[in-house]
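> Structure below; questions to follow.
Every number here is computed from the coordinates shown, using simple stated rules; none is lab data. Every value quoted in this text rests on a predicted model; they were computed, and no experiment measured them. Every residue, glycine among them, receives a Cβ derived from its backbone with ideal geometry; neighbour counts consider all protein chains shown.
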Amino acid sequence: MSILNRPSDGLVSVLVALVRTSVMLGTMSKNKLLDICSPKSLGDGRQDMATKTLNRWIELGLFTLTEKDEVKVAEDYRLRLRKAHVTAGAVAETARETVLSRVNNKNFWSDEENRSADFSRAVSWMLAQDVHQFIPTSYTNQVEPKALEQASSAEVILFQNDTRWAGYVSWATFLGFGRFESGKASGGYITDPTPAVLGVAKALLLKEKDLPIREFLDRLSESVPVLDGGEYRQEVEGKLRPEKWKAPSSIDVSTSLSRALLRLSAQGVLRLEKRSDSDTQLRLIGRGERPVQSVTHVQIGDET
């Protein structure tokens with residue numbers, strides 16, 4: 001089981017269609033849902049791909065089966081998606097929570113039956129890199145050599161093959177951890193967790209209004225455990241060779257999370273403050289490993 005092998009595990013666009021249809025029309029047979037979202041008359045094996053997508057996300061728990069073998073979006077997710085009008089962004093948030101759930105990451109380093117752990121390993125590793133330096137355009141020439149170089153042993157599988165990399169680019173983009181850009185200046189996959197951080201950060205600060213930076217990041221990593229200090233991130237970083245991968249210092253935020261916080265600050269979503277009466281501060285790191293800003297507290301911004 002996996003989510004990165006798209007020919008076997010399904011596609012982002014199909015998942016969005018299945019979720020939106022199920023939430024709007026309610027419980028129905030699998031065949032009916034598949035016929036609505038991907039009619040057999042379309043040909044080209046499209047309903048077969050829809051079937052693979054639905055089966056995978058039933059296994060992951062986003063969909064559930066009733067006693068009559070009908071399918072529906074899991075109840076907690078359905079109610080939340082209805083309130084959010086089942087937008088693509090709301091589907092992405094729900095899928096991200098499903099993918100990162102502990103139940104789907106139990107066999108974290110297993111090659112088989114790892115549910116979504118292949119994605120969690122991969123995104124944790126990508127977020128741990130210097131995102132200003134590592135902007136890969138090729139799996140074979142860039143991603144594979146670096147993953148093999150940094151892994152502490154042959155048993156540490158960060159990416160299995162080019163097929164999984166293509167799946168990663170698709171799912172990581174949808175789930176809010178980056179984007180692929182073309183062009184001379186920025187061609188390649190850009191790791192940027194801003195969308196994944198946005199909703200969680202707003203929810204935290206709408207309740208608390210003001211949090212010390214360390215507490216804010218601790219709570220953030222509880223909800224998104226591939227970020228700095230998160231359970232999955234620590235698991236991956238613990239398997240990297242220190243002579244080939246440089247960990248941030250204890251007072252530095254990774255370049256990936258720094259990028260997200262600085263972007264949200266620039267957008268007015270967050271207010272990053274440095275208070276002279278605080279004993280604890282962290283540094284946000286930019287290009288060339290240079291500190292960009294020191295922060296002691298995080299507040300909700302005016303544009304939220």
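> Specify the angular offset, from 0 to 90 degrees and rounded to the nearest 10, of the alpha carbon long axis of helix 12-25 from the longest principal axis of the alpha carbons in the chain.
60 degrees
> Mind pulling the angle between the C-alpha long axis of helix 213-223 and the longest principal axis of the chain? Nearest 10 degrees, somewhere in 0 to 90.
20 degrees
> Please work out how much length the chain gains when fully extended from GLN234 to ARG287, using 0.36 nm per residue of separation minus the C-alpha to C-alpha distance, in nm with one decimal.
16.8 nm
> Modelled label-to-label distance, GLU59 and LEU79, 7 Å Cα→beta-carbon offset: nm?
Rounded to a tenth, the inter-label distance reads 2.9 nm.
> Taking the mean number of other Cβ atoms within 10 Å as a proxy for protection, how do you rank 212-224, 289-301, 268-280 from highest to lowest?
212-224, 289-301, 268-280
> So if R0 is 51 Å, what FRET efficiency would GLU70 and ASN161 give, r being the distance between their Cβ atoms, rounded to the nearest 0.05?
0.90
> Follow-up. Past 30 Å, Cα to Cα, is the threshold; run LYS52/LYS207; LYS202/LYS274; LYS246/LYS274; LYS207/LYS274 against it and keep the listed order.
The pairs that break the limit, which is 30 Å between Cα atoms, are LYS52/LYS207.
> Please give the FRET efficiency for MET24 paired with SER276, using the beta carbon to beta carbon distance and R0 = 45 Å, rounded to the nearest 0.05.
0.30
> Helix 117-128 sits at what angle to the longest principal axis of the chain, using alpha carbons and giving 0 to 90 degrees rounded to 10?
Between helix and principal axis, roughly 30 degrees.
> Moving to a separate point now. If r is the Cβ-Cβ distance from ASN141 to ALA247 and R0 is 35 Å, what FRET efficiency results, to the nearest 0.05?
0.85
> From the helices alone, meaning DSSP H stretches of at least four residues, give me the mean residue ellipticity at 222 nm for the chain, per-run term -39500 (n - 2.57), in deg cm²/dmol to the nearest 500.
-14000 deg cm²/dmol
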